[in-house]
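Worksheet for the structure shown next.
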Amino acid sequence: MKTWFSGSYIASIILSLIPTMLFAAEIIIDNSDSTCFVTPAYSWQTSVWGDVYGADKLYTTKSDIVKSVRWRAQLNPGRYRVFAWVNPASYASDAKYTIYYGQNSVTLIRNQTTAEGKWSIDLGVYDFDTVGEVVLTNEWQGPEQFIVADAIKFVEVSTTEFSWSAKTPADALAMAKSSGKAILLFFSTEKATDAQKLLAETLTDPTVVKWGMQFITVHIQVDKNPELAEPYGIYRVPVIIFQDYSGKEIHRIEQFISAAELVQEMNKALAKNVPPVR
């Protein structure tokens, strides 16, 4: 007797035999997970107050003893954007996060006093090998009484889309000094036709996306964050500024540019970026 199975049923059986990790778009490490480490041991207190991720969160105060929380994730090699969970409250306004990726690391300052909460702390995009680590210490200068440590999320970034590595030019500079990469700053507004055309056409070209991975990239929306554009003398958009690893300007483009032209400019900028030998 023959038994017939639908195609969808067979597909579901096949998928069930393939490890789930192959399809994981994101990996979350909570403060209660076995790969989250507190130093010194038991030096951070737990709390269930507020909008926590999972069962609880960790918090501590300033002290002469440096205390840290380290989240460690096993990853498939690739590009990931990293987020930290925080619940809305008056925590450290200048929390110090260090991200370890490959043989590199970078330390960024983030404001935990945020009304959005949840995954609102963006720690940038990095190329990881098989391990990703984030460390938060209790070293902050603001007047707040507590600093909080909850969950860290690693989200895979598609290599078919242009990826913005950093959130601000300051973050980009810190990442460039750590990695030796050149910087690409892109300035736009929502209403500037040429800027939107550059986003929709030039920056979606596969070759541009590929070469973009060689840079630390930042997209500054001038209409939303004019203070980030002011130091660069941006009076109209689009503008693309190339900088070397130290933040020195290499070249700027102040008009719409095709994908082929942008690739040429990227190559020129990379040739002029000469990081010191480590």
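With a 1.4 Å probe and all protein chains kept in place, how much accessible area does W119 have, in Å² rounded to the nearest 10?
The accessible area comes out at roughly 50 Å².
For the chain, build the charge dipole from Cβ charges (+1 Lys, Arg; -1 Asp, Glu) around the Cα centre, then report which of L199, L75, G117 sits farthest towards its positive end.
Comparing the listed Cα positions along the dipole, L75 ranks first.
If you roll a 1.4 Å probe over the chain with all protein chains in place, what percent of the accessible area is carbon or sulfur?
With neighbouring chains kept in place, the figure for the chain is 55 percent.
For the pair N267/T46, report the inter-label distance in nm, with labels modelled 7 Å from Cα in the Cβ direction.
5.8 nm
Any idea what the alpha-carbon Rg over 2.2 N^0.38 Å comes to for segment 61-201?
1.13
For each pair in K248/K268; K181/K268; K191/K272; K224/K248; K57/K224, compute the distance between the two Cα atoms and list the pairs where it is over 23 Å. Intermediate values should be presented prior to the final figure.
Numbers: K248/K268 15 Å; K181/K268 14 Å; K191/K272 33 Å; K224/K248 25 Å; K57/K224 32 Å.
Where the Cα-Cα span goes over 23 Å, the pairs concerned are K191/K272; K224/K248; K57/K224.
Ordering F37, F242 by accessible area with a probe of 1.4 Å, largest first, what comes out?
Highest to lowest solvent-accessible surface, that is F37, F242.
Computed on alpha carbon atoms, what radius of gyration and Dmax characterise segment 147-277, expressed in Å?
14.8, 47
With +1 assigned to the C-beta of every Lys and Arg and -1 to the C-beta of every Asp and Glu, and no other charges, what is the dipole magnitude of the chain about the Cα centre in debye, to the nearest 20?
On the way: 25 positive and 30 negative charges, 100 e Å.
In total the dipole reaches around 480 debye.
Given only helices, namely DSSP H runs of n ≥ 4 each adding -39500 (n - 2.57), what is the per-residue ellipticity at 222 nm of the chain, to the nearest 500 deg cm²/dmol?
-5500 deg cm²/dmol
Express the accessible area of the chain per residue in Å², computed with a 1.4 Å probe while the remaining protein chains stay in the model.
53 Å²
Pull out the extension gain between D94 and T168, defined as 0.36 nm times the separation in residues minus the alpha carbon to alpha carbon distance; nm, one decimal.
Roughly 25.1 nm would be gained on extension.
Along its three principal axes, how long is segment 130-182 when you only count alpha carbons? Whole Å, largest extent first please.
Sorted from largest, the Cα extents of segment 130-182 read 43, 23, 19 Å.
Based on the alpha-carbon set only, what is the convex hull volume of segment 13-142 divided per residue, in Å³?
Numbers: hull volume 16.4 nm³, N = 130.
Here the figure is 126 Å³ per residue.
What does the extension gain come out to for K118 and Q74, with contour length at 0.36 nm per residue minus their alpha carbon separation?
13.6 nm
Test of understanding: what is the full-extension gain from K197 to K224, defined as 0.36 nm times their sequence separation minus their Cα-Cα distance?
7.9 nm
Among the GluC sites (Glu not before Pro) within segment 147-227, which fall in a DSSP loop and have no more than 12 other Cβ atoms within 10 Å of their own Cβ?
Hits after loop and neighbour filter: E161, E190.
May I have the extent of the alpha carbons of segment 26-80 along their three principal axes, as whole Å values ordered from largest to smallest?
Principal-axis extents of segment 26-80 (Cα, largest first): 37, 26, 18 Å.
Let me know the Rg and Dmax you get for the chain when you use only its Cα atoms, in Å.
Radius of gyration, then largest Cα-Cα span, for the chain: 21.5, 79 Å.
Please compute the modelled spin-label separation between T39 and T207, points set 7 Å along Cα→Cβ, answer in nm with one decimal.
About 4.7 nm, to one decimal.
If I take R0 = 41 Å and measure r between the Cβ atoms of E161 and D64 in this structure, what FRET efficiency does the formula 1/(1 + (r/R0)^6) give, to the nearest 0.05?
About 0.35, to the nearest 0.05.
The values are calculated or read from the model by the stated rules, or taken from the named source; none is laboratory data. Being a predicted model, the structure only gives us computed values, none of them experimental. Glycine also receives a Cβ, built like all others from the backbone with ideal geometry; neighbour counts cover every protein chain displayed. Surface areas here come from the heavy atoms of the whole protein model, side chains and all, with no ligands, DNA or RNA. Shrake-Rupley method; radii C 1.70, N 1.55, O 1.52, S 1.80 Å.
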